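Q: The structure is given below, and queries will be raised subsequently.
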Amino acid sequence: MPVAEGVTLDHVARETSDMSRFINFYQELFGFEETASFEIEGTNVKWLYLAGVYTMHVIQRKTKSQLSMPHSPPPIVEFADLPSARHFCFTLSNFDFFIQTLKVIYWKSRAPPVDGEKSQLA
């Protein structure tokens, strides 16, 4: 029996360097609707929704011209540069239990081997 119960896909995040082209593609071919648009730390973010089926979180990728030059000091990490710009998100009905189980699995994976056996994540 799986640890997670009542699992549904909440959304998938995609990044793009051409927001207009990306959104037009999904709107024209599949009928996605833009439901929200906002900016986080200078990064454009839009939500697309396919009625009753799917939600997509679209994040504007920084182009090379927007990144710092190699000889300049390292930039402060920005929202679009974080790994969260590419993710998928689930909704769970037993979130607290799920997190506690993950902690146990993680702890077991870090435990030293017993009697010469290899420690591994189940």
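The values are calculated or read from the model by the stated rules, or taken from the named source; none is laboratory data. In this text, all values refer to a predicted model and were calculated from it rather than measured experimentally. Cβ: placed from backbone, ideal geometry, glycine included. Neighbour counts: every protein chain shown. Side chains are part of the model used for accessible areas, which takes the heavy atoms of the whole protein and leaves out ligands, DNA and RNA. Shrake-Rupley method; radii C 1.70, N 1.55, O 1.52, S 1.80 Å.
Q: I'd like to check something: does the range 92-99 contain any residue that is within 20 Å of ILE40 (Cα to Cα) and either modelled with pLDDT of 70 or more or open to solvent by 60 Å² or more (accessible area, probe 1.4 Å) (or both)?
A: So far as the range 92-99 goes, no, none of its residues is within 20 Å of ILE40 (Cα to Cα) and either modelled with pLDDT of 70 or more or open to solvent by 60 Å² or more (accessible area, probe 1.4 Å) (or both).
Q: Still on this structure, please answer the following. Residue pairs, Cβ under 9 Å, 6 or more apart or interchain, first in the range 91-106 and free of Cβ contacts under 8 Å to residues at least 60 places away in the same chain, second open to solvent by 60 Å² or more (accessible area, probe 1.4 Å). List them.
A: Sorted first by the residue in the range 91-106, then by its partner, the pairs are ILE105/LEU121; ILE105/ALA122; TYR106/LEU121.
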